[in-house]
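The values are calculated or read from the model by the stated rules, or taken from the named source; none is laboratory data. What you see is a predicted model, and the numbers here were worked out from it, not measured in a lab. Cβ placement follows ideal geometry from the backbone for every residue including glycine, while neighbour counts extend to all protein chains displayed.
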Amino acid sequence: MNMMLTVLFQLFLGPLFLILGSPLADNVHDAYIRTYREIAVKEMERTGIPASIKLAQAILESNGGRSELAIKARNHFGIKCGGDWTGGTYELKDDEYDSSGNHITSCFRVYRRDEASFIAHSEFLRDPKKASRYGFLFRIPPTDYKRWAHGLKKAGYASNPRYPQLLIDLIERYKLDQYDLISPDALDKLAGISRINDIRLTFAKEGESLSSIARRTETSVNQLIKNNEYFYTEEGPLPEDALIYLQPKRNYFRGKQQWHKVQKGETLASISQLYGVKVDKLRKKNRIPDGYEPAAGERIRLRWKVKKKDIPRTIQPGPRPERDPLPTSSTRDTTSVRTNPVIVDDSDLPNAIKSAPTSSPGNAPAMEDDPRTTTPPVRHTVAAGETLWRIAKQYGISVESLKTLNQLTTDTISVGQTLRVK
């Protein structure tokens, strides 16, 4: 008897229990969303179908991936075979009846990969043969999920009169509309990948090495070593939050900022990591000879080559190692040095840490601040996914100090907000 009750629960009450928004349903649906949000966003970028709508339809149609079709046929949207389907098939009784009222078996498509089902859903709606039915949907902005939900019902996608509200409820319950505003770059951030100078990078976690990052980001170790200009070795421990570039750095900085003011302890190597610009290109643009580093308080050109009057003062931090770990180019030595440092505003600095490794030997003396300079306030613009704790850690201050500097009464910050950090 107990066995029979268990079977009845699984067949009838179990799915109902999931649909009613129970904690179990939330866990199942959250996992489902994490699994398929990337393909939903990519399809939105490719076709204009809101990622929120696609995810909500998939959850509803497949019961969060638990339906028989989703499990056995990798068919998450209940797409039937149709006359032009040449792939695998799966027969199942659904809501189809013959003229006599008998429940009949329908033919459904079988996909080799789950992602193929999501792509097929897009192509089903975009089919030119169905333009008279669904064509108007693609004139609705991807951010207007409510109009899309009602539009699908109007087009005859589903017979359930509550279909639009079911989709809207799922979208709002699981905040799926956040993916309608997200770009592939922002989605990378969810996976621990960011961008500087339009180059993909990741922040090293505590105890990570290049080898572990290569596995995490599906990149080769040799490529990581090359991308980061031989700053790190394969198995050596990385500083926490070190910037590790997943793609080669560029010849110049593509952002609006044209200059960088050198802080105490910074070198061309650390500045190179900060902006995603190759070390030898920075050296050449600023006419800095091999073996020399810019003095604190000077400014470094990030895009074009400096004029002679703007050549930064330099220091020689110490003897170069026998084998320089950084690829550098020969640059013209110059006796033209500036005596008056130029102060530039740091408020446009990219959101990156300043703890990159240096190309100087470990026993190199620290650079001294120029007593003639004054230090303006340093500001940071909040990026997606950042918290007060991470920003405070990045600049070496406490969260309370950061809140005091900005007169914050809560820990809540918003994307684009400018914070004073020093």
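Tabulated results
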{"read-out": "Flag for LEU152 being closer than 13 Å to PRO50 by Cβ, in contact (Cβ under 8 Å) with a residue 12 or more places away in the chain, in a helix (DSSP H, G or I) and in contact with a Phe, Trp or Tyr (Cβ under 6 Å, 6 or more places away or on another chain)", "value": "no"}
{"read-out": "Residue check for GLY135: assigned by TED's automatic domain parsing to the domain that holds VAL28, assigned to a loop (DSSP other than H, G, I, E, B) and without any contact (Cβ under 8 Å) to a residue 60 or more places away in the chain", "value": "no"}
{"read-out": "Single residue of the stretch 187-206 satisfying the filter (small (Gly, Ala, Ser) and crowded, with 20+ Cβ neighbours inside 10 Å) that is modelled with the highest pLDDT", "value": "ALA204"}
{"read-out": "Where LEU170 falls short, out of the listed (1) under 23 Å from GLY64 (Cα atoms); (2) under 22 Å from the mean Cα position of the chain (by Cα); (3) crowded, with 19+ Cβ neighbours inside 10 Å", "value": "(2)"}
{"read-out": "Qualifying residues in the stretch 72-86 (those that are surrounded by fewer than 12 Cβ atoms within 10 Å (Cβ to Cβ) and more than 20 Å from ALA158 (Cα to Cα)) - the one modelled with the highest pLDDT", "value": "THR86"}
{"read-out": "Verdict on PRO142 being surrounded by 18 or more Cβ atoms within 10 Å (Cβ to Cβ), closer than 19 Å to GLN57 by Cα and at pLDDT below 90", "value": "yes"}
{"read-out": "Test for ARG113: is it of a type outside the set (A, V, I, L, M, F, W, C) and buried (at least 17 other Cβ atoms within 10 Å of the Cβ)", "value": "no"}
{"read-out": "Within the stretch 87-128, considering residues that are of a type in the set (Lys, Arg) and under 19 Å from ALA158 (Cβ atoms), the one modelled with the lowest pLDDT", "value": "LYS93"}
{"read-out": "Qualifying residue in the stretch 76-90 (condition: within 31 Å of the chain's Cα centre (by Cα), in the same structural domain as THR35 (by TED's automatic domain parsing) and of a type in the set (Lys, Arg))", "value": "no"}
{"read-out": "Any chance LYS284 is surrounded by fewer than 17 Cβ atoms within 10 Å (Cβ to Cβ) and either touching a His at 6+ places or on another chain (Cβ under 9 Å) or modelled with pLDDT of 90 or more (or both)", "value": "no"}
